[in-house]
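The values are calculated or read from the model by the stated rules, or taken from the named source; none is laboratory data. Bear in mind that the values here come from a model prediction, so they are computed numbers and not experimental data. FYI the Cβ positions are ideal-geometry reconstructions off the backbone, even for glycines, and counts take in every protein chain you see. Note: areas computed on protein heavy atoms with side chains; ligands, DNA, RNA excluded. Shrake-Rupley method; radii C 1.70, N 1.55, O 1.52, S 1.80 Å.
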Amino acid sequence: MSEAKQAARFISFEGTEGVGKSTAIANLCAQLDSVGIRYIKTREPGGSTFAEQLRALLLDVNTQIDDDTELLLMFAARSDHVQRVILPALTAGQWVICDRFVDSSVAYQGYGRGQGEIQMLDKIDSLIANFVPRLPDLTLWLDMPVQEGIQRAYQRSAADRFEQEQLDFFERVYEGFYQQQQAHSQRIKRVDASGDAKQVSRRVWDLVQPLLS
């Protein structure tokens, strides 16, 4: 295996609505460009042709599905995304920068929909074990008060199916991210998402830099 392939890294960004993931990802990609790192930028749900079709369905405000169906569609999209996009890029020695990954399913479908119920979390763990052969090397959880993030999200565009949920849903989602960070602190790093974009970018870069070696 070549050094380029050995150096390939998988980084995911997580957080509740409106925390600034898109801006933080764009700034990280600019910094990777500046140091000559080859990478792809992708997202979930989505990232592959089939997964993007499922994304449109999942985010459509007119879609009416039960919680188990939503969970299974998320993992169908993820499985295709991983096999067609993420693993080939990593094998080719490229970094993968992903807007959301499995931790979002735990937070949104596990805590948000299932309200942290053991049965729903067990279903997610089983799906991860069977359909996710590679977890990120680093997950950056952009942490911001829930209500502040939601207000930002509402200002930028019309609300999608998830963004139309009530505040208590997002508070449960936040708890899901918090609990995961506590349980997997070696992989999931909290990033203070308050302040301007440059400040957040510096915080992100400080956590990414050790992966360059």
(request) Give the accessible area for TYR178 in Å² (nearest 10); use a 1.4 Å probe, count only protein heavy atoms, and leave out ligands, DNA and RNA. (result) 90
(request) Could you work out the relative contact order of the chain, using alpha carbon pairs under 8 angstrom and six or more residues apart, expressed as a whole percent? (result) 32
(request) Working with all protein chains in place, sort LYS198, LYS41 by solvent-accessible area computed with a 1.4 Å probe, largest first. (result) LYS198, LYS41
(message) Rounded, prolate or oblate for region 74-213? Axes are the square roots of the Cα gyration tensor eigenvalues, ordered a ≥ b ≥ c, and the cut-off for rounded is a/c under 1.5.
(response) oblate
(request) Express in whole angstrom the spacing between the alpha-carbon centres of region 26-50 and region 151-173. (result) 25
(request) Take the alpha carbon gyration tensor of region 66-151, find the square roots of its eigenvalues, order them as a ≥ b ≥ c, and report rounded if a/c is under 1.5; if not, report prolate when a/b exceeds b/c, else oblate. (result) oblate
(request) Report, please, the projected area of region 1-143 averaged over directions, based on the convex hull of its C-alpha atoms, in nm². (result) 8.9
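Which of rounded, prolate or oblate describes region 154-196 when judged by the alpha-carbon gyration tensor and an a/c cut-off of 1.5?
On the way: a/c = 2.90, a/b = 1.59, b/c = 1.82.
The shape class here is oblate.
Using 0.36 nm per residue of separation minus the Cα-Cα distance, give me the extension gain between ALA159 and ASP60 in nm, one decimal.
Numbers: separation 99, 0.36 × 99 = 35.64 nm, distance 0.97 nm.
Value of the extension gain: 34.7 nm.
Within the accessible area of the chain, what % is carbon and sulfur when the probe is 1.4 Å and the other protein chains stay in place? Please report the intermediate quantities before stating the final value.
Numbers: 4940 of 10360 Å².
Ligands and nucleic acids excluded, carbon and sulfur reach 48 percent.
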(message) Tell me the per residue accessible area of region 1-90 using a 1.4 Å probe; a whole number in Å² is fine.
(response) 47
(message) Let me cross-check GLU117: its accessible surface, 1.4 Å probe, with only protein heavy atoms counted, in Å² to the nearest 10?
(response) 100
(request) Would you mind computing, in nm to one decimal, how far apart the modelled labels at GLN53 and TYR178 are, each placed 7 Å from Cα along Cα→Cβ? (result) 4.0
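For n ≥ 4 DSSP H runs only, could you compute -39500 (n - 2.57) per run for the chain, divide by its residues and tell me the 222 nm figure to the nearest 500? Show your work: numbers first, answer last.
Details: 9 runs with 103 residues, N = 213.
Rounded to the nearest 500, the figure is -15000 deg cm²/dmol.
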(message) Filter the chain for me: DSSP H helices, axial length by Cα at least 18 angstrom, mean Kyte-Doolittle hydropathy not below 0.0. List them by residue number.
(response) 21-34, 118-131
